[in-house]
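J.: Dropping a structure here in structure tokens format, bear with me for questions.
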Amino acid sequence: MIDHSVFENKLAIYYTLGCKLNFAETSAIGRQLSQVGVRKARSGEKADICVINTCSVTELADKKCRQAVRKLIKENPGAFVIVTGCYAQLKPQDIASIEGVDLVLGSEQKLDVITYLDELKKKDKGHIVTSKTSHIKTFVPSCSQDDRTRYFLKVQDGCDYFCSYCTIPKARGRSRNGTIDSLVAQAREVVERGGKEIVLTGVNIGDFGRTTGDTFFDLVKKLDEVDGIERFRISSIEPNLLTDEIIEFVAGSKRFAPHFHIPLQSGSDAVLKIMKRKYDTKLFRHKTEIIKSIIPDAFIGIDVIVGTRGETDEYFEEARQFIESLDFSQLHVFTYSERPGTQALNIDYVVDPRTKHTRSKILLDLSDEKTQGFYRSQKGTSRKVLFENTCYDGKMHGFTENYVKVEAPYNEKLVNQISIVTLGEFNDTQSALRIQ
């Protein structure tokens, strides 16, 4: 058993790459260490412990992870270095071979970090503690606050979908979730901390209930009853799992924001089949149309991948035309990246890097056009804005319930408060609307 007194007054640095789920889990790791006396290092302080929570969604993400690890080792000589997250689960040897890394924890171990610290004794070589993907079954609750005003509540982990381009099931294991009662209790803790907005996060949140026999809709209804939370936002949810009853509930909800983030990935049915997605463009169109029919001012964000293997020029043009025809507010455009061990590597047709870049630019320009149009449609409307605490050039920003970014003169009294405003013209950078 480790003597916890060895951790007292130690300083830690936490570095997170990737998704909001990772940020929530890093926060949970930080709470574990704080409970045994470890304090988060302030700016300029050298750390005794470095925790890096990694991502592996693309080849570039892997590269950024390695760079971050080496940078923290250089900046904090002698620190005990722990690396965890998806890249650590998928390629533990790559991480362990970096000089200065002491401990590599897989997805099943990362939220029980104290167990593996071995009294912070530096190692000659990184010690690896991981489990086979089939053994990753534990759901550990996590909730974090970002540097603005939102909290991110982990409601689900893992994925039972095996899309041809994706390694997430190998990195995070099968779908699992917390209980509704435990998640409602965490939401109430956010209220006690003064939080006003919670974003529900996970790998495949629409699949909630796989381990408890509930549904995501059951969770949504219970969270809507939590007094003190002004807003819940649903993060990325698969179109085949975004049921019409969820959309209808949000339309009349007390607390769930009219904001939907739906992964499309491709607007070509042929490419969707190649990707092994579980829907087609007809279903996707239905989801966007029903949202707009009952919540006309809803914000709809869409994920798209360009340049995947098998995406011919004809398939991309088909996808572009379909996407352009949709009534949405913003695209999140990702460039396909080869992932070792994925089924996509068996597809012969490969898109060259220049073509990927061109396609990405086309969709990003379309996204800008759609976002500007959505913002213009909101001018003159009265909205509830939750203002954030950052001040830049005398200005503060916040977001409406339907995710319009709003700019106003900085006023400390408005931070983390809901203010009813009338939306005016674009700001100087065309990135937000001023208040009238």
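The values are calculated or read from the model by the stated rules, or taken from the named source; none is laboratory data. Keep in mind it's a predicted model, so treat the numbers as computed, not measured. Virtual Cβ from ideal backbone geometry, glycine too; neighbours counted across all protein chains shown.
J.: Go through the stretch 335-436 and tell me which strands (runs of 3 or more DSSP E), entirely inside it, have 2 or more residues that are hydroxyl-bearing (S, T, Y) and not assigned by TED's automatic domain parsing to the domain that holds T167.
T.: Working: elements: 382-387, 395-400, 405-409, 418-426, 433-435.
Qualifying strands (runs of 3 or more DSSP E): 418-426.
J.: If D118 satisfies all but one of (1) surrounded by fewer than 21 Cβ atoms within 10 Å (Cβ to Cβ); (2) touching a Gly at 6+ places or on another chain (Cβ under 8 Å), what's the number of the condition it fails?
T.: The single condition D118 does not satisfy is (2).
J.: Would you mind stating whether L331 is touching a strand residue (DSSP E or B) at 6+ places or on another chain (Cβ under 6 Å) and closer than 19 Å to Y403 by Cβ? Even if it seems obvious, please write down each step before you answer.
T.: Working: touching a strand residue (DSSP E or B) at 6+ places or on another chain (Cβ under 6 Å): yes; closer than 19 Å to Y403 by Cβ: yes.
Considered against the rule, which asks whether it is touching a strand residue (DSSP E or B) at 6+ places or on another chain (Cβ under 6 Å) and closer than 19 Å to Y403 by Cβ, L331 comes out as yes.
J.: Looking only at the stretch 107-150, how many residues end up being free of Cβ contacts under 8 Å to residues at least 60 places away in the same chain, over 29 Å from T179 (Cβ atoms) and part of a loop (DSSP other than H, G, I, E, B)?
T.: So the count comes out to 6.
J.: Taking the stretch 343-373, which residues are under 24 Å from the mean Cα position of the chain (by Cα) and among the small types (G, A, S)?
T.: A344, S360, S367
J.: Looking at K123, K110 in this structure, which one is surrounded by fewer than 17 Cβ atoms within 10 Å (Cβ to Cβ) and not assigned by TED's automatic domain parsing to the domain that holds T215? Let's see the steps before the verdict.
T.: Numbers: K110 fails: surrounded by fewer than 17 Cβ atoms within 10 Å (Cβ to Cβ).
Just one listed residue meets the conditions, K123.
J.: Does D157 meet the test of being in contact with a helix residue (DSSP H, G or I) (Cβ under 8 Å, 6 or more places away or on another chain) and free of Cβ contacts under 8 Å to residues at least 60 places away in the same chain?
T.: Numbers: in contact with a helix residue (DSSP H, G or I) (Cβ under 8 Å, 6 or more places away or on another chain): yes; free of Cβ contacts under 8 Å to residues at least 60 places away in the same chain: no.
Considered against the rule, which asks whether it is in contact with a helix residue (DSSP H, G or I) (Cβ under 8 Å, 6 or more places away or on another chain) and free of Cβ contacts under 8 Å to residues at least 60 places away in the same chain, D157 comes out as no.
J.: Now for a different question. What number of residues in the stretch 3-36 are in contact with a strand residue (DSSP E or B) (Cβ under 6 Å, 6 or more places away or on another chain) and among the acidic types (D, E)?
T.: Number of matching residues: 0.
J.: Here is a further query. Can you name every residue in the stretch 290-308 that is touching a residue at least 60 places away in the same chain (Cβ under 8 Å) and buried (at least 22 other Cβ atoms within 10 Å of the Cβ)?
T.: Answer for the stretch 290-308, where residues must be touching a residue at least 60 places away in the same chain (Cβ under 8 Å) and buried (at least 22 other Cβ atoms within 10 Å of the Cβ): A298, F299, I305, T308.
The rows are residues; the columns are (1) crowded, with 20+ Cβ neighbours inside 10 Å; (2) assigned by TED's automatic domain parsing to the domain that holds R66.
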{"position": "G85", "(1), (2)": "yes, yes"}
{"position": "A88", "(1), (2)": "yes, yes"}
{"position": "Q145", "(1), (2)": "no, no"}
{"position": "Q156", "(1), (2)": "yes, no"}
{"position": "C159", "(1), (2)": "yes, no"}
{"position": "C163", "(1), (2)": "yes, no"}
{"position": "A171", "(1), (2)": "yes, no"}
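J.: Within the stretch 339-368, can you find the residues that are in contact (Cβ under 8 Å) with a residue 60 or more places away in the chain and either closer than 16 Å to G267 by Cβ or touching a Phe, Trp or Tyr at 6+ places or on another chain (Cβ under 8 Å) (or both)?
T.: Answer for the stretch 339-368, where residues must be in contact (Cβ under 8 Å) with a residue 60 or more places away in the chain and either closer than 16 Å to G267 by Cβ or touching a Phe, Trp or Tyr at 6+ places or on another chain (Cβ under 8 Å) (or both): R339, T342, Q343, A344.
J.: Then there is this: Considering only residues that are surrounded by 16 or more Cβ atoms within 10 Å (Cβ to Cβ), among the polar types (S, T, N, Q) and out of contact with any helix residue (DSSP H, G or I) (no Cβ under 8 Å at 6 or more places or on another chain), look in the stretch 178-226 and name the one that is nearest to H261 (Cα to Cα).
T.: This residue is N204.
J.: Find all pairs meeting these conditions: Cβ atoms under 6 angstrom apart; at least six residues apart or on different chains; first residue within the stretch 222-238 and part of a strand (DSSP E or B); second residue of a type in the set (G, A, S).
T.: Correct list of pairs: R231/A257; R233/A257.
J.: Separate question: Check whether at least one residue in the stretch 207-220 is assigned to a helix (DSSP H, G or I), at negative phi and within 17 Å of the chain's Cα centre (by Cα), and report yes or no. Reasoning before the result, please.
T.: The first filter runs over the stretch 207-220 and keeps only residues assigned to a helix (DSSP H, G or I), leaving 207, 216-220.
Remaining after also requiring at negative phi: 207, 216-220.
Subsequent filtering for residues that are within 17 Å of the chain's Cα centre (by Cα) retains 207.
For the stretch 207-220, residues assigned to a helix (DSSP H, G or I), at negative phi and within 17 Å of the chain's Cα centre (by Cα): present.
J.: Something else about it: List the pairs whose first member sits in the stretch 309-333 and is free of Cβ contacts under 8 Å to residues at least 40 places away in the same chain and within 18 Å of E289 (Cα to Cα), whose second member is buried (at least 16 other Cβ atoms within 10 Å of the Cβ) and of a type in the set (S, T, N, Q), and whose Cβ atoms are under 7 Å apart, counting only residues at least 6 apart or on separate chains?
T.: Note: pairs meeting the criteria are D327/T288; L331/S367.
J.: Same structure again: Output yes when any residue across the stretch 210-218 is in contact with a His (Cβ under 6 Å, 6 or more places away or on another chain) and farther than 17 Å from F139 by Cβ, and no when none is. Working first, answer last.
T.: Within the stretch 210-218, the subset in contact with a His (Cβ under 6 Å, 6 or more places away or on another chain) is none.
Within the stretch 210-218 (the criterion being in contact with a His (Cβ under 6 Å, 6 or more places away or on another chain) and farther than 17 Å from F139 by Cβ), the answer is no, since none of the residues qualifies.
J.: Okay, moving on. Could you please find all residues in the stretch 177-236 being among the hydroxyl-bearing types (S, T, Y) and closer than 22 Å to I247 by Cβ?
T.: First pass over the stretch 177-236, keeping only residues among the hydroxyl-bearing types (S, T, Y): 179, 182, 201, 211-212, 215, 235-236.
Selection gives T201, T215, S235, S236.
J.: Can I ask one more? When both residues are 6+ apart or on different chains and their Cβ atoms are under 9 Å apart, which pairs have a first residue that lies in the stretch 75-88 and is aromatic (F, W, Y), and a second that is assigned to a strand (DSSP E or B)?
T.: Between residues of the stretch 75-88 that are aromatic (F, W, Y) and residues that are assigned to a strand (DSSP E or B), the close pairs are F80/I49; F80/C50; F80/L103; Y87/T54.
J.: Please go through the stretch 20-67 and pick out each residue that is more than 13 Å from C86 (Cβ to Cβ) and assigned to a loop (DSSP other than H, G, I, E, B).
T.: Those that are more than 13 Å from C86 (Cβ to Cβ) and assigned to a loop (DSSP other than H, G, I, E, B): V36, G37, V38, A41, R42, S43, G44, E45, K46, A47, D48.
J.: Which one of K287, K254, K276 is over 21 Å from T58 (Cα atoms), in contact (Cβ under 8 Å) with a residue 12 or more places away in the chain and surrounded by fewer than 19 Cβ atoms within 10 Å (Cβ to Cβ)? Before the answer, list the steps.
T.: Values: K287 fails: surrounded by fewer than 19 Cβ atoms within 10 Å (Cβ to Cβ); K276 fails: over 21 Å from T58 (Cα atoms).
Among K287, K254, K276, only K254 is over 21 Å from T58 (Cα atoms), in contact (Cβ under 8 Å) with a residue 12 or more places away in the chain and surrounded by fewer than 19 Cβ atoms within 10 Å (Cβ to Cβ).
J.: Would you check which residues across the stretch 226-247 are more than 25 Å from G398 (Cβ to Cβ) and out of contact with any strand residue (DSSP E or B) (no Cβ under 9 Å at 6 or more places or on another chain) and list them?
T.: Across the stretch 226-247, the qualifying residues are N240, L241, T243, D244, E245.
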